[in-house]
Amino acid sequence: MVSEDNVIEDSASVEDDFDGDDYDYDDGGDYYDDDYGDAGDDDDDYGLVEDDDVDDPGAMVSRRPKLGYTVLQEADIKQRQEDDISKVSTVLSLSQVEATILLRHYNWNVNEVHDEWFSDEERVRKSVGLFERPVVDVSDASEFTCGICFDLLPCDNFASASCGHPFCRECWQGYICTSINDGPGCLLLRCPEPSCKAAVGPDMIDKLAPCEEKEKYSQFLLRSYIEDNREAKWCPAPGCENAVNFAVGGGDFDVTCLCSYRFCWNCTVEAHRPVNCETVTKWMLKNSVDGENVNWILHNSKTCPKCKRPIEKNQGCMHMTCTPPCSYEFCWLCLRAWSSHGLATGGFYSCNVYEAEMQKGNVDAEMRREMAKNSFEKYTHYYERWASNQSVRRFSLIFHCI
């Protein structure tokens with residue numbers, strides 16, 4: 001992706017740095033100043049490794065540059081997840097199931113769970129769906145009427161979440177299996193009672209779901225530990241199941257997985273320094289599909305302001321809700337949070353914010369369409385040169401291996 005001309009220019013810039021005034025040499029003096037001591041002083045090794053250190057592997061390892069990331073395999077991820085659940089369970093005196101529900105709600109952020117819980121436990125319980133006691137007392141009844149199928153059955157055939165609303169096992173199983181087969185949104189499953197917000201935890205899944213659905217749920221739960229964590233991402237290499245935990249704040253986003261695949265942690269595409277991620281993303285979009293498809297995507301879809309997934313609107317009002325687990329609600333016209341719309345914006349179904357921007361000339365759909373139409377010629381020009389450089393790069397790597 002980087003041309004040979006850029007490499008030459010970078011090399012030249014390095015040489016210019018050494019030709020500058022950053023290094024002050026004295027014509028008649030020594031190169032080293034007094035802080036380094038005399039050249040004949042035996043106590044100074046100028047950072048060189050002594051023979052004793054060579055024999056000590058630990059000393060050699062300590063001198064290696066420390067990586068700003070950690071590659072995690074599936075066993076490592078499970079262990080970290082279990083450790084976080086146990087930590088929250090111990091500190092807050094909760095069960096493992098309740099700790100799992102809490103952590104999932106707060107994107108597996110242990111510190112945020114502790115802060116929110118000790119700040120207002122009642123509010124957290126209400127928002128997450130953790131009931132201290134059942135809202136329905138059915139302890140004295142010997143049989144119940146299921147609220148879904150309306151069958152009158154013995155109490156042994158019923159189950160309920162922490163809220164206590166009783167439903168027969170068969171209806172519970174159908175409800176859980178349908179939710180799991182719909183995708184990761186099953187991790188936010190609530191009680192089937194329409195007015196109840198009680199959370200359905202892993203204990204209900206283990207007790208009521210078939211083996212196949214249990215395995216799917218476990219995989220969703222494991223993957224959420226990485227996908228909901230701001231400091232971790234999956235390795236994008238095909239077939240690789242490793243994840244990378246990155247120390248946020250580092251300047252170098254290039255990481256190398258255990259599968260030897262090098263990629264940019266920030267945008268998860270192949271390592272691309274010194275090109276920035278935004279440029280690479282635009283280039284990969286154009287390079288992955290033909291020009292007409294690119295124009296169609298630009299004209300007919302928008303990206304979710306939160307998770308950046310492309311969304312096509314083909315019916316309905318301007319109130320958009322992204323698919324789980326994102327579930328972000330926003331306005332299709334101005335892409336702002338739906339919660340900010342109301343009487344101040346002209347009503348829930350009228351976005352004056354967008355209309356005001358149109359009047360100012362800040363939004364011009366026709367100009368965007370024209371620019372997208374004419375950009376294909378520019379793309380072809382650069383693609384030919386990029387493809388040639390890629391071919392030369394692959395040939396060089398093959399020749400180097402030989």
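Taking the condition of being surrounded by fewer than 18 Cβ atoms within 10 Å (Cβ to Cβ) and either among the acidic types (Asp, Glu) or within 20 Å of Asn107 (Cα to Cα) (or both), how many residues in segment 246-266 meet it? Before you say what the answer is, go through the steps one by one.
Filtering segment 246-266 for residues surrounded by fewer than 18 Cβ atoms within 10 Å (Cβ to Cβ) gives 247-252, 254, 256, 258-262, 266.
Now narrow it down to the ones that are either among the acidic types (Asp, Glu) or within 20 Å of Asn107 (Cα to Cα) (or both): 247-249, 252, 254, 266.
Residues meeting the conditions: 6.
Say whether the condition of being of a type in the set (Phe, Trp, Tyr) and either at pLDDT 75 or above or in contact with a strand residue (DSSP E or B) (Cβ under 6 Å, 6 or more places away or on another chain) (or both) is met by at least one residue in segment 364-378. Give the steps one after another, and end with the answer.
Initial filter on segment 364-378 (of a type in the set (Phe, Trp, Tyr)): 376.
Imposing the further condition that a residue be either at pLDDT 75 or above or in contact with a strand residue (DSSP E or B) (Cβ under 6 Å, 6 or more places away or on another chain) (or both) reduces the set to none.
There is no residue in segment 364-378 that is of a type in the set (Phe, Trp, Tyr) and either at pLDDT 75 or above or in contact with a strand residue (DSSP E or B) (Cβ under 6 Å, 6 or more places away or on another chain) (or both).
Of these, Leu285, Leu298, Leu258, which one is more than 28 Å from Leu72 (Cβ to Cβ) and either touching a Gly at 6+ places or on another chain (Cβ under 6 Å) or modelled with pLDDT of 70 or more (or both)? Can you show your working first?
Numbers: Leu298 fails: either touching a Gly at 6+ places or on another chain (Cβ under 6 Å) or modelled with pLDDT of 70 or more (or both); Leu258 fails: more than 28 Å from Leu72 (Cβ to Cβ).
That would be Leu285, the only listed residue that is more than 28 Å from Leu72 (Cβ to Cβ) and either touching a Gly at 6+ places or on another chain (Cβ under 6 Å) or modelled with pLDDT of 70 or more (or both).
Taking into account only those residues within segment 85-118 that are free of Cβ contacts under 8 Å to residues at least 60 places away in the same chain and among the charged types (D, E, K, R), which is nearest to Cys326 (Cα to Cα)?
My answer is Glu112.
Could you tell me which numbered condition Arg223 fails, if it satisfies all but one of (1) under 23 Å from Cys326 (Cα atoms); (2) in contact with a Pro (Cβ under 9 Å, 6 or more places away or on another chain); (3) modelled with pLDDT under 90?
(3)
So which of Ser195, Ser179 ends up being among the small types (Gly, Ala, Ser) and touching a Leu at 6+ places or on another chain (Cβ under 6 Å)?
Values: Ser195 fails: touching a Leu at 6+ places or on another chain (Cβ under 6 Å).
From the options Ser195, Ser179, the qualifying one is Ser179.
So if I check each of Glu357, Glu384, which one is assigned to a helix (DSSP H, G or I), open to solvent by 90 Å² or more (accessible area, probe 1.4 Å), at pLDDT below 80 and outside the structural domain of Arg223 (by the TED database)? Let's see the steps before the verdict.
Values: Glu357 fails: open to solvent by 90 Å² or more (accessible area, probe 1.4 Å).
Just one listed residue meets the conditions, Glu384.
Could you tell me which of the residues Glu74, Glu121 is exposed (fewer than 14 other Cβ atoms within 10 Å of the Cβ) and in contact (Cβ under 8 Å) with a residue 24 or more places away in the chain?
Within the list Glu74, Glu121, the selection yields Glu74.
Give me the residue from segment 214-236 that is of a type in the set (Gly, Ala, Ser) and in contact (Cβ under 8 Å) with a residue 60 or more places away in the chain and, out of that set, farthest from Val200 (Cα to Cα). Please lay out each step first, then the result.
Residues of segment 214-236 that are of a type in the set (Gly, Ala, Ser), as a first pass: 218, 224, 232.
Filter once more, so that each one left must be in contact (Cβ under 8 Å) with a residue 60 or more places away in the chain: 224, 232.
Numbers: Ser224: 16, Ala232: 26 Å.
Ranking the candidates gives Ala232 first.
Can you tell me how many residues in segment 90-144 are under 30 Å from Cys168 (Cβ atoms) and among the acidic types (Asp, Glu)? Before the answer, list the steps.
Just the residues of segment 90-144 that are under 30 Å from Cys168 (Cβ atoms), to begin with: 94-102, 104-105, 125-144.
Still in the running and among the acidic types (Asp, Glu): 98, 132, 137, 140, 143.
Residues that pass the stated criteria total 5.
Is it the case that segment 148-157 has a residue that's of a type outside the set (A, V, I, L, M), at negative phi and touching a residue at least 24 places away in the same chain (Cβ under 8 Å)?
In the first step, residues of segment 148-157 are kept if they are of a type outside the set (A, V, I, L, M); the result is 149-151, 154-157.
Imposing the further condition that a residue be at negative phi reduces the set to 149, 151, 154-157.
From the residues that got through so far, the ones that are touching a residue at least 24 places away in the same chain (Cβ under 8 Å) too are none.
No, there is no match, as no residue in segment 148-157 is of a type outside the set (A, V, I, L, M), at negative phi and touching a residue at least 24 places away in the same chain (Cβ under 8 Å).
If you scan segment 271-280, which residues turn out to be without any contact (Cβ under 8 Å) to a residue 40 or more places away in the chain and surrounded by 14 or more Cβ atoms within 10 Å (Cβ to Cβ)?
Residues satisfying the conditions are Ala271, Cys277.
The values are calculated or read from the model by the stated rules, or taken from the named source; none is laboratory data. Quick caveat: nothing in here was measured; it's all calculated off a predicted structure. Cβ atoms come from the backbone with ideal geometry, glycine included; neighbour counts cover every protein chain shown. Keep in mind that these areas ignore ligands, DNA and RNA; they rest on the heavy atoms of the full protein, side chains included. Shrake-Rupley method; radii C 1.70, N 1.55, O 1.52, S 1.80 Å.
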